[in-house]
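Here the structure comes first, spelled out in structure tokens, and everything after it is commentary.
Just so it is clear, none of the values below were taken in a lab; they were calculated from the coordinates. On a predicted model such as this, the values are computed, not experimentally measured, just so you know. Virtual Cβ from ideal backbone geometry, glycine too; neighbours counted across all protein chains shown.
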Amino acid sequence: MELSNSTGGRSSASTDNTMLTRESVQAMADAPEMIAAANAVAFCMADVAVKTPIVEAYQRQLLAKGQWLMAQAFVDPGEERPVILDPKLSYLLEEEDAKTFQTQCAAQAAAAGLATRIPGNCPKTESDHQRYVLELHMLTLARQYTGVDPMSIYQPADRKAYVVRISVAAGQWGRTELYSWNGRSWTLSSALVVISRSRT
């Protein structure tokens, strides 16, 4: 059985609830390495949830203030160069403008108390990468219980749903209700508040 694919492309390998039997869930809940991996994923998700609105807010403010234009290389001859206001499009800035933007972002991150492993990096990008690494580790460990190869789950929606299923099944936080997943985002919890306060 394959998951439905609304994008029209190939669907990922089956990751529905039939892969999580009562026995596999109990086995994961009893495995210390699975509990640790699931909790690490949950806390990293919380970290990303805290950083994302802060980072995106100052990025948008800086772009609005800078009024930097799209690099000439990305504009057809004779067309007007648009102002870049969306942080996701900041890679389209001229090299010097991009450097200025990144320097200003680093200053804003430091002012907000968002530390990075590598100076000058984007806190949100670093946390997103760490989340991916931790999720892959957790899903790799879970393969012995579910039989699902994490590399076979290539649709983002499928992967996110499977990550949530495994982390809730294996993580102690799922039973103590530290987090609540509504299908799109994590709701603020006491654990999130602690993380948020540590960043300020």
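Things to note:
- Amide proton proximity set for LEU93, modelled H, under 5 Å, gap of 5+: ALA71
- Fully extended contour minus Cα-Cα distance, from TYR154 to TYR132, at 0.36 nm per residue: 6.6 nm
- Fully extending the segment from ALA98 to GLU23, taken as 0.36 nm per residue of separation minus the present Cα-Cα distance, adds 21.8 nm.
- Environment charge of LEU136, counting only residues whose C-beta is closer than 14 Å and scoring Lys/Arg +1, Asp/Glu -1: +1
- Centroid-to-centroid, using Cα positions, segment 141-174 and segment 21-51 are 10 Å apart.
- Spin-label model distance (nm) - ALA57 vs THR140, 7 Å beyond Cα toward Cβ: 3.7 nm
- ³J(HN,Hα), Karplus 6.51/-1.76/1.60, whole Hz, each residue of segment 50-66, x for Gly, Pro: 6, 6, 3, x, 5, 5, 5, 5, 6, 5, 5, 5, 5, 5, 5, 6, x
- Here the Karplus relation 6.51 cos²θ - 1.76 cosθ + 1.60, evaluated at θ = phi - 60°, turns the backbone of segment 123-136 into coupling constants of x, 5, 5, 4, 5, 4, 5, 4, 4, 4, 4, 5, 5, 4 Hz, with x for every Gly and Pro.
- Contour minus Cα-Cα distance for LYS88 and ALA112 (0.36 nm per residue): 6.6 nm
- Hydrodynamic radius of segment 55-98 per Kirkwood, over alpha carbon pairs, in Å: 10.6 Å
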